[in-house]
1. ³J(HN,Hα) across the range 23-31 via Karplus (A = 6.51, B = -1.76, C = 1.60, θ = phi - 60°), whole Hz, x for Gly/Pro?
2. Given Cβ point charges of +1 (Lys, Arg) and -1 (Asp, Glu) and nothing else, what value in debye, to the nearest 20, does the dipole of the range 92-199 about its Cα centre take?
3. Return the sequence-ordered ³J(HN,Hα) values of the range 175-189 in whole Hz as given by the Karplus equation 6.51 cos²θ - 1.76 cosθ + 1.60 applied to θ = phi - 60°, using x for Gly and Pro.
4. Can you give me the distance in nm between label points at Ala185 and Val120, each placed 7 Å from the Cα along the Cα-to-Cβ direction?
5. To the nearest 20 Debye, how big is the dipole of the chain about its Cα centre, given +1 on the beta carbon of each Lys and Arg and -1 on that of each Asp and Glu?
6. With the Cα gyration tensor of the range 12-192 in hand, give its eigenvalues times 5 under a square root as the equivalent ellipsoid semi-axes, listed largest first in whole angstrom.
7. Taking the Cα atoms of the range 19-116, report the difference between the largest and smallest coordinate on each principal axis, in whole Å and largest first.
8. If you take the charge dipole of the range 130-198 about its Cα centre, with +1 on Lys and Arg Cβ and -1 on Asp and Glu Cβ, which of Leu191, Ile158, Leu169 is farthest toward its positive end?
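The numbers here are math on the coordinates, done by the rules we state, and not lab data. Given the structure is predicted, the values throughout are model-derived calculations rather than measurements. For neighbour counting, all protein chains shown are included, and Cβ atoms are generated from backbone atoms with ideal geometry for every residue, glycine included.
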Amino acid sequence: MRSRVAFTRAAPDVRRQDLVAAAEVVLAREGVGGTSVRAICAQAGVSPGLLRHYFEGVDELIACAYEAVGQRIDAALEAALAAAPPAPRARLLAYLTASFAPPVLDPNLLAAWIGFWSLVKTKPRIAAIHAGSYADFRARLERLLAEAGARDTRTAAIALTATVDGLWLELCLDPATFGPDEAAAIIARALEAWLPEEA
């Protein structure tokens, strides 16, 4: 009897998560124009009525998918920090280079991300999620920079975030041009410009 109650309570969350995951898959595969209630529900293997039961519509579901992707990336970055040596520079470099390894380095993630980015200017909730996600990344980066002795942490965080984004984008688009190790070396050299010389 207890297991049946637990299953009943868990099932709605599972169905909701399935729809969020399906929205990400469809957005990556079809782009914004092909991301419809019908396509998402077909991917999730549910009826269109179920989507409307859990979400107000496709816009809300896409926003939830964007949040879920952001949480996955944050978890990967935090895992890289946890695994890094304790030295401040090592932690900083681990945080920055985590974007050049799975699960962040993923062409399918790029395809979904392009869909999310394309909605930033037209969907206020997507814009808010985007702004919050990048603000959190930069704030964490600023703290790590300060621990490593950087002075102008705000400007450094902006510059390094843009550099990571550019390298990540090129790695996903054309991994034949350069690899993750080269991307890590590039970001390490860029980082040195913002840090004091080591004694």
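1. 4, 5, 4, 5, 4, 5, 7, 10, x
2. 660
3. x, 6, 6, 7, x, x, 5, 5, 4, 5, 5, 5, 5, 5, 5
4. Inter-label distance under the simple model: 3.0 nm.
5. The dipole magnitude comes to about 900 debye.
6. Semi-axes, largest first: 33, 17, 14 Å.
7. Projected onto its principal axes, the Cα set of the range 19-116 covers 52, 23, 19 Å.
8. Value: Ile158.
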